[in-house]
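A short write-up of the structure that comes next.
Every number in this text was worked out from the coordinates using simple rules, so none of it is lab data. A quick note: this is a predicted structure, and the numbers were derived from the prediction, not measured. Because the Cβ atoms are built from the backbone with ideal geometry, glycine has one as well, and the counts that use them run over all protein chains shown.
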Ligand SMILES: Nc1nc2c(ncn2[C@@H]2O[C@H](COP(=O)(O)OP(=O)(O)O)[C@@H](O)[C@H]2O)c(=O)[nH]1
Ligand SMILES: [Mg+2]
């Protein structure tokens with residue numbers, strides 16, 4: 001957290017919702033936390049082989065994009081919050097920005113149904129009612145473990161360097177263990193895990209020299225122990241059809257992209273998917289989801305900008321029942337400007353869905369950006385309380401990731417981690433594997 005982090009009335013520090021500032025000590029680029037807009041016109045409506053391979057282009061953030069859809073009209077100043085952001089759209093439907101599609105209510109995009117195929121064993125999700133025999137696994141294009149390793153290279157080489165410096169020609173004593181614990185905490189692994197690792201290290205080795213490679217091996221083992229219980233496949237209960245997945249998370253953490261990749265996985269597994277463009281804050285977000293809908297052969301339920309997200313989720317549920325979808329995935333807004341509005345919106349979506357199906361949303365998936373470090377821990381705390389998050393996806397592990405925080409999150413929250421994002425493309429969503437992740441962080445060889 002930043003040194004001047006404000007403390008809200010709650011114990012939890014919400015300040016990350018109000019700021020897009022990078023952590024002062026972090027070399028990572030945090031600009032993705034700002035609102036991004038992709039030009040609506042560039043959206044290609046025809047699925048093409050190229051479109052399969054790349055994610056929608058996103059323009060750099062612009063300052064004016066932070067403050068809602070349109071400048072406040074005269075007489076509407078009361079709707080501005082203290083930061084000047086216009087939230088009046090939450091109260092009333094704004095006039096459509098553009099005449100074309102946005103003037104139509106809930107216009108679904110209906111592409112051809114994809115062919116049904118069995119769910120592969122390595123898909124990262126499975127059907128509870130009828131587990132399907134796995135076909136021969138298709139050869140992975142690029143090893144995700146390699147991409148993960150590259151992404152985590154900076155953290156892991158820092159950690160490795162510290163371990164070598166600390167343990168070379170030195171007998172294990174209290175000071176060494178204390179220094180090692182500090183190193184592990186700096187690597188975002190969390191105090192609990194750091195203590196467990198140092199305890200394990202000291203067992204039977206006190207007063208002896210210990211090689212760096214041995215330290216790394218123990219580190220990898222202990223990280224794996226923490227992560228193994230949370231590395232679970234996403235279980236879909238098709239008794240409750242459609243299985244509703246609500247996707248939440250801070251803006252820019254990869255919600256929409258993850259929804260697209262997940263829809264691709266599910267449709268390839270033979271499931272019918274409907275998408276709901278619940279981020280009604282920006283035209284670009286709706287367009288982005290529609291493109292993923294076309295790529296994956298999934299119907300997209302969308303409305304005009306500024307429409308009530310909960311109302312839209314309600315309609316999308318009915319539509320998914322009507323079109324006999326197995327899964328409904330609902331996108332949401334994750335903007336940073338006003339936590340109260342955002343949280344109220346998420347709560348309302350849950351409330352409204354429960355009117356149709358008491359257990360909906362069955363899965364509340366939170367996306368976490370692997371480059372944000374400690375902030376991610378706070379984000380889980382908050383979204384878990386508000387929207388009942390019961391599963392995680394960590395994105396951007398292909399970048400300069402600070403993945404250690406996932407260990408702290410696993411130790412504290414014990415929420416399943418279903419997938420990790422290792423790129424922007426349609427195939428860049430991988431089932432989370434504790435062993436690969438642990439060895440990438442600890443810098444031990446893959447076997
Ligand atoms: N490198 C990389 N980029 C990602 C990944 N997931 C999402 N992104 C990019 O992160 C940006 C924000 O993603 P988006 O899905 O729009 O986030 P949202 O605001 O939470 O919906 C986009 O430029 C995505 O292409 C990932 O796993 N790896
Ligand atoms: Mg989005």
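Each of 409, 330 was scored by other Cβ atoms within 10 Å of its Cβ. Arranged with the fewest first, they read 409, 330.
As a proxy for reagent exposure, 171, 435, 272 were ordered by neighbouring Cβ count within 10 angstrom, fewest first; the result is 171, 435, 272. Histogrammed with a bin width of 5 Å, the alpha carbon distances of the range 197-260 distribute as 3, 12, 13, 12, 12, 10, 9, 9, 8, 7, 3, 1, 0 percent, first bin at zero.
Treat the count of other C-beta atoms within 10 Å as a stand-in for reagent exposure and order 349, 218, 185 from fewest to most. By the 10 Å Cβ count, ascending: 185, 218, 349. Its Cα gyration tensor gives the range 267-336 an equivalent ellipsoid, and the semi-axes of that ellipsoid, as √(5λ) in whole Å with the largest first, are 20, 14, 9.
Centroid-to-centroid, using Cα positions, the range 279-302 and the range 233-274 are 13 Å apart.
Shape call for the range 292-447 from the C-alpha gyration tensor, a ≥ b ≥ c root eigenvalues: rounded (a/c under 1.5), prolate (a/b greater than b/c) or oblate? It comes out prolate by the Cα gyration axes.
Volume of the convex hull of the range 290-377 (Cα atoms only), normalised per residue: 136 Å³.
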